[in-house]
Structures are given as C-alpha cells and as structure tokens.
Amino acid sequence: MQRMLLQSVEFFCLVLSLLACISVVIAIPAFDGVTSWSSVGSLVPGISALEALGPSSKKVDPGTLPYFMSIHAPRGLPGNMTVYRNRSPPLFYIYGDQLYHYHNDSTILPVNVYNTTGAQDLPLQIKAGTMEDGVKGGIWRWQGTMLQYERGTQTNQGLFYHCDDPNGLKGLFLFLQCSAPPPGCTPFTIHSWSRR
C-alpha cells in the first residue's frame with residue numbers, strides 16, 4: 001500500500017513538472033505568424049520597397065531588375081534619395097505623415113524634403129537624414145499605390161524627378177507645382193505594391 005502511494009506521488013510530481021514546462025513554453029512571447037525577422041512587414045504596417053516607374057524603367061528582358069527608391073550612401077547611413085536598379089531595395093513606411101527608411105531595429109531614418117533653391121530648376125530635394133528636418137509643414141501620403149508629397153494646398157501629384165544635384169551626385173527631386181521636367185532629369189512615379 002505504501003509503495004502504491006509512493007508511485008502515485010511520483011506520478012503526480014511528473015505530471016506537475018510536465019505542466020510547468022508547458023506553461024513556460026506558452027508564456028514565451030512570440031509574434032503570431034512571424035517565422036523570421038525578414039517578416040518585418042507584419043510588425044510595421046505598410047512597410048515595403050518602393051518601386052519607381054518611368055520611361056527608363058521598362059524591363060528589357062525578364063532578368064532585368066526594377067528601379068527602386070534607394071539611398072545614395074552605404075547601407076544604414078543618411079544620404080541623397082535616388083532611383084536605381086536594386087537587387088536588395090531598402091524598406092520604407094509612412095507613420096504620422098512622415099516617410100521613414102527602415103534599415104534595422106536600431107536604424108530608422110526619416111526621409112526629408114529640402115529647399116535647394118540654390119540649384120536652378122531643382123527646388124526640392126529628397127534626402128534620408130538622422131532627424132526630421134528640412135521643409136516644415138509637408139506630409140507624405142499614399143494615393144492608391146502611389147507616393148505623394150503635399151504641403152498646404154500644393155502637391156507633387158506623385159511625380160518625382162531623378163537628376164544630378166548641384167554637386168554632380170544623383171538625387172531625387174520634386175516640384176509642388178506643375179512644371180516641365182528639368183533638362184537631363186528623368187520623371188518617375190513611386191509605388192508601394194503592398195498597398196494594392
């Protein structure tokens with residue numbers, strides 16, 4: 001009888017230990033549906049690569065990479081926004097009317113618009129910086145899949161220009177009024193296909 005009681009106590013302890021292990025496993029935080037950190041799109045709503053469509057963006061053959069909005073700087077550092085064929089395009093999202101570049105959990109750069117009136121025909125340049133600055137009062141928003149910049153009642157109507165900046169570097173520019181493309185600039189619209 002005593003032996004049977006001892007076996008029951010041992011069995012009870014084993015079941016309790018098993019339940020304790022299960023409760024610890026269940027208590028570990030997890031993000032439902034995230035199987036790796038490459039699934040950041042489920043953690044930051046609307047995050048995506050931004051594809052640039054324009055006259056030079058037509059694919060010549062099936063293996064040609066599309067053009068993407070990118071940063072003309074080493075990965076994770078601030079610099080001029082530009083457009084080029086990119087095998088590993090950066091990720092962007094809008095939060096609170098501000099466009100951000102997501103590099104990783106510790107590096108998120110605001111995308112700012114700067115007045116470059118010193119450059120003839122190129123009034124507003126887009127750059128990724130370390131803080132929100134540049135032209136005040138502007139907002140980034142989506143019109144369907146198309147990225148737009150607005151300031152007051154003016155908008156770029158989703159049209160961006162890829163040009164050389166005053167220093168000879170490639171840059172992305174915009175106008176807040178209807179204007180002919182500056183000489184040597186290529187017009188683009190920029191799209192997030194996660195917005196369909």
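None of the figures in this text is laboratory data; all of them are computed from the coordinates on show. Predicted model only: the values in this text are computed from it and were never measured. Positions of Cβ are backbone-derived with ideal geometry, glycine not excepted, and every protein chain shown enters the neighbour counts.
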**Q.** Förster radius 35 Å - calculated FRET efficiency between R87 and R151, Cβ distance, rounded to 0.05
**A.** 0.55
Q. Say a paramagnetic label sat at a point 7 Å from the Cα of R195, along Cα to Cβ; which residues of region 128-165 have their backbone N under 15 Å from it?
A. 139-151, 155-160
Q: Hey, can you grab everything whose amide H is under 5 Å from the amide H of Y95? Only 5+ residues off in sequence or another chain; H modelled, so Pro and N-termini drop out.
A: Y100
Q: Would you grab the residues whose amide H sits under 5 Å from the one on Y84? Only those 5+ places off in sequence or on another chain, please, with H modelled 1.01 Å from N.
A: F68, S70
Q: Residues in region 44-88, backbone N under 15 Å from the label point at Y95 (7 Å along the Cα-to-beta-carbon vector): list them, ranges by number please.
A: 44-48
